[in-house]
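Colleague: I'd like to ask some things about the structure below.
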Amino acid sequence: LWDKIDAEFKKTFEPVSYETWISQVKPIKLTADKLTLQLPSPFHRNYWERNLVKEATALLRDYSGHEIELELVVPNEQIDDTDIAKTFTDPDLTSGLVYAHDTHLNDKYTFDNFVIGAGNYLAQAAALSAAEEPGQVYNPLNLYGGVGLGKTHLMQAIGHEVLRRNPDAKVKYVTSEEFANDFINSIQTRRQEEFRREYRSVDLLLVDDIQFFADKEATQQEFFHTFNKLYENKKQIVLTSDRIPSDIPKLEDRLVSRFKWGLSADITPPDLETRIAILRNKAIAEGLEIDNQTLSYIAGQIDTNIRELEGALVRVQAYATINKIDITLESAIAALKGLKDIANQHGLSISKIQEVVAQYFRLQVSEITGRKRTKNIVVPRQIAMYLSRELTDNSLPKIGKEFGGKDHTTVIHAHEKIAKDQEHDSEMRSKISDLKKLLRG
Ligand code: ADP
Ligand code: MG
């Protein structure tokens, strides 16, 4: 049973996340209604409780056909460290599942815990306005951006803030898939009235990841009516997606046009300063002492995804704990060395990247490595250089060489250009993310 879940996670997670959070998990006991998993450290358990338990439980249910509870244990010998002892006495970290049952909000996702930086300040400001005057300023509010950049966090922060200001407010957070499931269940059980009453009576509706509405026609239709009802009654609606709604394939035009009534704010990847600030906050929250040099080293290793950034910190932390050493620049380097190794294990070579990029843009590899300067070739070439720099360990001169003997400054330029383009160009972002997926197979 665990193998199936493991395989499922392997499919859906970035390799680094999978390696950090899941590959080291061992199933140790399975009874009719309980699966016990052994995790390598309390940090892993903490992460599981916050991020994976819900999904794993759902998978268990799917595969077994009935409810199976998940128990997470950590071997004793790793928890006598004082740092860990602190972690364990922190009620926040030990409270188990942090989802409040009625609203489905995660306690950690508040405005207080959200670090503001260049990539997210507009979205943060818009979110705060929506929370202060729900239904009055930006309705709907659409937050969009790449994976792990804080969309869910910001969206749930609105929920917390609305409740803080008005504890009687009816706040509902769902993913678009949960909305779809609820809707389908309501039809099967003939409880559509109840479903409608539930969704149409809220003061604040938060629907996460609406790109997964694609292809679900009946659900979209239902959501259209929910939307209209709430909008009519000046109730705040907040949506997130990984791209602008008009770029979501198979999203009905009438929904797209509704979404345009409000404000769309995008979140772009954080700059180095913001990443350091986020790490510093996390370190403080977990009672860790890490010097600035080490924090900037970690922040320099991962630049596109805050969830991965947090994963890197935990990796550093777990490495120090398991080896019973302090967190220093040295130990951080050693801990994160594994990350690149993992990328290399996937056997990504520059020529593989060239091949995949060429195919994606319907070009020949020789055009990618050639010297022709027409735009339809230059941009794919720059993308291939960018990916070679991001996903392999090869030096700049080596990359230049493999692209038909170009200078390393050409590679630097290409890398900067594509990195910059992604900041404001959602099409470029989705191309890069498509390609990364293809490359990771
Ligand atoms: P998304 O929904 O965009 O995929 P999440 O909201 O789940 O991303 O964020 C991923 C992780 O990064 C979460 O643990 C979140 O708390 C954290 N995070 C994202 N942005 C910030 C930020 N600006 N400050 C602090 N933590 C952040
Ligand atoms: Mg999210």
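The values are calculated or read from the model by the stated rules, or taken from the named source; none is laboratory data. Values in this document were obtained by computation on a predicted structure and should not be read as measured data. FYI the Cβ positions are ideal-geometry reconstructions off the backbone, even for glycines, and counts take in every protein chain you see.
Colleague: Please enumerate the residues belonging to segment 284-296 that are crowded, with 20+ Cβ neighbours inside 10 Å and either outside any loop (DSSP other than H, G, I, E, B) or on the phi > 0 side of the Ramachandran plot (or both).
Modeller: Of everything in segment 284-296, those that are crowded, with 20+ Cβ neighbours inside 10 Å and either outside any loop (DSSP other than H, G, I, E, B) or on the phi > 0 side of the Ramachandran plot (or both) turn out to be Thr294, Leu295.
Colleague: Regarding segment 340-350, can at least one residue be identified that is among the acidic types (Asp, Glu) and closer than 30 Å to Tyr319 by Cβ?
Modeller: yes
Colleague: Does segment 132-185 hold any residues that are near ligand 1 (Cβ under 10 Å from one of its atoms) and surrounded by fewer than 17 Cβ atoms within 10 Å (Cβ to Cβ), and which are they?
Modeller: Within segment 132-185, just Val147 meets the criteria.
Colleague: Could you please find all residues in segment 145-196 being in a helix (DSSP H, G or I), of a type in the set (A, V, I, L, M) and within 11 Å of ligand 2 (Cβ to nearest atom)?
Modeller: Leu154, Met155, listed by residue number.
Colleague: Take the residues in segment 240-265 that are of a type in the set (S, T, N, Q) and loosely packed, with under 14 Cβ neighbours inside 10 Å, then tell me which one is farthest from ligand 1 (Cβ to nearest atom).
Modeller: Per the criteria, the residue is Ser257.
Colleague: While we're here: Given the conditions (1) more than 18 Å from the chain's Cα centre (by Cα); (2) closer than 30 Å to Thr392 by Cα, and given that Glu67 satisfies all but one, which numbered condition is not satisfied?
Modeller: The one condition Glu67 does not meet is (2).
Colleague: Across segment 120-131, what is the number of residues that are more than 16 Å from Ile244 (Cα to Cα) and either within 13 Å of ligand 2 (Cβ to nearest atom) or surrounded by fewer than 19 Cβ atoms within 10 Å (Cβ to Cβ) (or both)?
Modeller: 4
Colleague: What do you reckon, is Ser201 among the small types (Gly, Ala, Ser), within 19 Å of Pro134 (Cβ to Cβ) and either touching a Ser or Thr at 6+ places or on another chain (Cβ under 7 Å) or surrounded by fewer than 15 Cβ atoms within 10 Å (Cβ to Cβ) (or both)?
Modeller: The answer is yes for Ser201.
Colleague: Filter segment 259-275 for residues that are farther than 15 Å from Ile210 by Cβ and of a type in the set (Asp, Glu); which is farthest from the chain's Cα centre (by Cα)?
Modeller: This residue is Glu273.
Colleague: Hey, can you tell me all the residues within segment 206-239 that are modelled with pLDDT under 95, more than 16 Å from ligand 1 (Cβ to nearest atom) and in contact with a strand residue (DSSP E or B) (Cβ under 7 Å, 6 or more places away or on another chain)?
Modeller: Result: no residue meets the conditions.
Colleague: Answer with yes or no whether Val115 is within 16 Å of ligand 2 (Cβ to nearest atom) and among the β-branched types (Val, Ile, Thr).
Modeller: So Val115 does not fit the description; no.
Colleague: Within segment 266-283, can you find the residues that are crowded, with 17+ Cβ neighbours inside 10 Å and of a type in the set (S, T, N, Q)?
Modeller: Thr268, Thr274
Colleague: Please pick out the residue among Asp247, Asp266 that is in contact (Cβ under 8 Å) with a residue 40 or more places away in the chain, among the charged types (D, E, K, R) and touching an Asp or Glu at 6+ places or on another chain (Cβ under 9 Å).
Modeller: Only one candidate passes the filter, namely Asp247.
Colleague: Tally time: how many residues in segment 119-144 are farther than 16 Å from Leu206 by Cα and outside any loop (DSSP other than H, G, I, E, B)?
Modeller: The qualifying residues number 3.
Colleague: Among the numbered criteria (1) farther than 23 Å from Glu14 by Cα; (2) crowded, with 19+ Cβ neighbours inside 10 Å; (3) among the aliphatic types (A, V, I, L, M), which one does Ile412 miss?
Modeller: Condition not satisfied by Ile412: (2).
Colleague: With the requirement that a residue be over 23 Å from His153 (Cβ atoms) and in a loop (DSSP other than H, G, I, E, B), what does segment 300-333 give you?
Modeller: Asn323, Lys324, Ile325, Asp326, Ile327, Thr328 - these are the residues of segment 300-333 that are over 23 Å from His153 (Cβ atoms) and in a loop (DSSP other than H, G, I, E, B).
Colleague: Within the set of pairs 6 or more residues apart or between chains, which connect a residue that is over 18 Å from Leu339 (Cβ atoms) inside segment 283-298 to a residue that is at pLDDT 90 or above and part of a loop (DSSP other than H, G, I, E, B) with Cβ atoms less than 6 Å apart?
Modeller: From segment 283-298, the pairs are Ala283/Ile290.
Colleague: List the pairs whose first member sits in segment 39-64 and is among the acidic types (Asp, Glu), whose second member is within 16 Å of ligand 2 (Cβ to nearest atom), and whose Cβ atoms are under 8 Å apart, counting only residues at least 6 apart or on separate chains?
Modeller: Taking only residues 6 or more apart or on different chains, the pairs are Glu49/Val98.
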